[in-house]
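Here the structure comes first, spelled out in structure tokens, and everything after it is commentary.
What follows draws every value from the coordinates through simple rules; no lab data is involved. Quick caveat: nothing in here was measured; it's all calculated off a predicted structure. Because the Cβ atoms are built from the backbone with ideal geometry, glycine has one as well, and the counts that use them run over all protein chains shown.
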Amino acid sequence: MAIATINPFTGLTEQEFAAHTDAEVDARIAAAQAAYETMRGTTYAQRAQWMRNAAQLLEDDVEHVARLITIEMGRPIKGARAEVLKSAKGLRYYADNAEQLLAPEQLADPSVVGASSAGTRYAPIGVILAVMPWNYPIWQVLRFAGPALMAGNAGLLKHASNVPQAALYLDTLFERGGFPVGAFHSLLIPASRVEGVLRDPRVKAATLTGSEPAGRSLASIAGSEVKHVVLELGGSDPFVVMPSADIDKAASVAVTARNQNNGQSCIAAKRFIVHTDVYDEFTRLFSERVAALSLGDPLDESTDVGPLATESGRDELEGQVADAVAKGAVVRVGGVVPDRDGWFYEPTVLEGITPEMRLHLEEAFGPVATVYRVANREEALALANGTTFGLSSAVWTNDAEEEDWFIRGLDAGAVFVNGMTASYPELPFGGVKDSGVGRELAAAGIREFCNLQTVWKG
Ligand code: NAP
């Protein structure tokens, strides 16, 4: 895949970039290693100051960076701006909290291990490779970089090939904030060259956010090198609606949960599983509100849904819907590629999904919702858990016992009750099953790329 900005609204290539040569990649790994040696000797207070500077620079650059996001991957500008500001807030969170999240712990009674003192401390591990997707091109990267750098590591970013300008912006952000040169750099390389970087002995671990095949490939290479990985992969999150729920609110939140970022979110609600007693009401409200979304130029402030990021992504979605319709699914809203330039797909609601349809098991990475009717909570849970994914989930109910039953039964990295899944720096984020391994964000996230060092003193 060419490393290029191709505007999804026009389909036109705006700018192409040459990949880094092997010598350039080697120089960047060397710079990262040198920066790590410096960083491990710095205090949290020093790194926090640099991190706050980076957050401030990002806030100052909000309009420029938001426009880059919109032009490179089609996110409507309002959402792009919110992504930049959320990312800056995330950096500040780690500036403020890293020291406490990584505080050493001491055994209350060290004599039980024959010591005068004994406990653990979190030490950085070195240069970490981050392979990142285009769908939240700033937030996905910074939710890795904020904690990793505050822990004292250095980062190397291999960003998706269709967001090179985002990658180049991030390439200098931390250096501009004051971090040592090399503490965080982008590598402009195709996916085929990730293996060479990961096998480099100076690279100690890796994180990948993206598709399942990419995750499996990275993990197998890392496994053969005995290197730690965190994987944040796909999802097909269930959104369960039970009779005691506030149906009007559930229907409104469902529209956002499915269609935000043009439907290209790993944690988007994708399968709407609705109790038969409220099915007709929910589906009517949901469909009316999806039909009312405005499709258009993502730079226009009033646009709700822009084009999909890539032509191949749009074609894939079109194929999934066509397969479902050919096998008997009913199109309630949308279901077509609009007759216009750009990689648009109409926001869509489908009913009558059956197990032989691709959409039943595959992730739909675009504005396509599937709605299922279920007779009881057991059926709802079986459907919710009935995919290979397990990223997040949502359940709408006002029955406390039922709420607890779903929380205990859902095989997912998160359960959101009466709300939509979102990521927060304060809460761990990650999946089970084929949605990934490990966690990002919060204490669990920052500790992933640390050496939990046991210290025993006689
Ligand atoms: P993708 O093709 O896997 O790309 C993601 C990144 O991995 C890109 O930088 C890509 O580089 C690289 N890559 C692709 N194949 C690789 C390989 N074999 N080895 C090493 N690197 C490789 O993912 P996508 O389809 O663009 O992104 C959408 C997917 O990401 C969806 O499944 C979505 O659910 C998932 N996602 C998950 C999360 C989460 O937190 N769980 C968040 C966002 C997205 P190139 O661009 O150069 O190919």
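For region 237-424, the spherically averaged projection of the C-alpha convex hull amounts to 10.3 nm². Taking the Cα centre of region 280-326 as the origin and placing charges on Cβ (Lys, Arg +1; Asp, Glu -1), which of Phe286, Leu308, Gly296 is farthest toward the positive end of the dipole? The listed residue farthest towards the positive side: Phe286. Excluding same-chain neighbours fewer than eight residues apart, the aspartates and glutamates reachable from Lys89 by a Cα-Cα span under 20 Å are Glu59, Asp60, Asp61, Glu63, Glu99, Asp171, Glu175, Glu426, Glu440. Only lysines eight or more places from Lys457 in sequence, or on another chain, were considered; none has a Cα closer than 26 Å. Among beta bridges identified by DSSP and lying wholly in the chain, the antiparallel ones come to about 35 percent. Dipole check for region 387-452: with +1 at the C-beta of Lys and Arg, -1 at the C-beta of Asp and Glu, and the Cα centre as origin, the magnitude is about 340 Debye.
In a DSSP loop and with at most 13 other Cβ atoms within 10 Å, the GluC sites (Glu not before Pro) in region 223-312 are Glu301. Per-residue ellipticity at 222 nm, computed for the chain from helices alone with -39500 (n - 2.57) per DSSP H run of at least four residues, works out to -13000 deg cm²/dmol. Dipole magnitude for region 148-274: about 180 debye, using +1 per Lys or Arg Cβ and -1 per Asp or Glu Cβ, origin at the Cα centre. Comparing Asn7, Ala400, Ala18 along the charge dipole axis of the chain, the residue lying farthest to the positive side is Ala18, per the Cβ-charge model. First select every other residue whose beta carbon is under 14 angstrom from the beta carbon of Phe365; then total the charges, Lys and Arg +1, Asp and Glu -1. In short, -2. Of all beta bridges that DSSP places with both ends in region 237-424, some 15 percent have antiparallel geometry. Taking Cα centre as origin and charging only the Cβ of basic (Lys, Arg, +1) and acidic (Asp, Glu, -1) residues, the dipole magnitude of the chain rounds to 1320 debye.
Taking 0.36 nm per residue of separation and subtracting the current Cα-Cα distance, fully stretching the chain between Asn451 and Arg176 would add 96.2 nm. Placing unit charges on each Cβ (+1 for Lys and Arg, -1 for Asp and Glu) gives region 142-207 a dipole about its Cα centre, and among Leu173, Pro201, His159 the Cα reaching farthest toward its positive end belongs to Pro201. The alpha carbon convex hull volume per residue for the chain rounds to 149 Å³. Over all pairs of different C-alpha atoms in region 1-131, the reciprocal of the mean inverse distance, the Kirkwood hydrodynamic radius, equals 18.7 Å. For Ala34, neighbours were defined as the other residues whose beta-carbon sits under 15 Å from its Cβ, and their charges (Lys and Arg +1, Asp and Glu -1) total 0.
Between region 29-51 and region 392-455, what is the separation of their alpha carbon centroids in Å? Here the answer is 30 Å between Cα centres.
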